[in-house]
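Structure first, commentary second.
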Amino acid sequence: MSQRCVRSSLLRENFEYYLRWWEELEAAGLRSFWTEPNLVYINIVRGARPELAEYSFINIHGNHALVNETFN
């Protein structure tokens, strides 16, 4: 599993780039299973917009108990 912080303004600025990046993650076997806004950033930088989100990914191509029912 891994975690990545993403600026949501990327979505507004260049949707095609963001979409291609997301599809490359999926093709590599990284699927997002959790996301949450990064509110610490808003508290540190006063006046900042809630543009950061943290995504957690799981490798769906891996051989582990979370994705393989026959894992030993």
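Could you go through the range 33-38 in sequence order and give the Karplus-derived ³J(HN,Hα) for each residue, using 6.51 cos²θ - 1.76 cosθ + 1.60 with θ = phi - 60°, rounded to whole Hz, and x for Gly and Pro?
Result, ordered by residue: 10, 7, 9, 8, x, 8 Hz.
Provide the per-residue ³J(HN,Hα) series for the range 55-60, in order, calculated from phi with Karplus coefficients 6.51, -1.76, 1.60 and θ = phi - 60°, each as a whole number of Hz, with x at glycine and proline positions.
Running phi through 6.51 cos²θ - 1.76 cosθ + 1.60 with θ = phi - 60° gives 10, 10, 10, 10, 7, 7 Hz.
Taken together, the values in this text are just the output of simple stated rules run on the coordinates, not laboratory data. Note that the structure is a prediction, hence the values are computed from the model and not measured.
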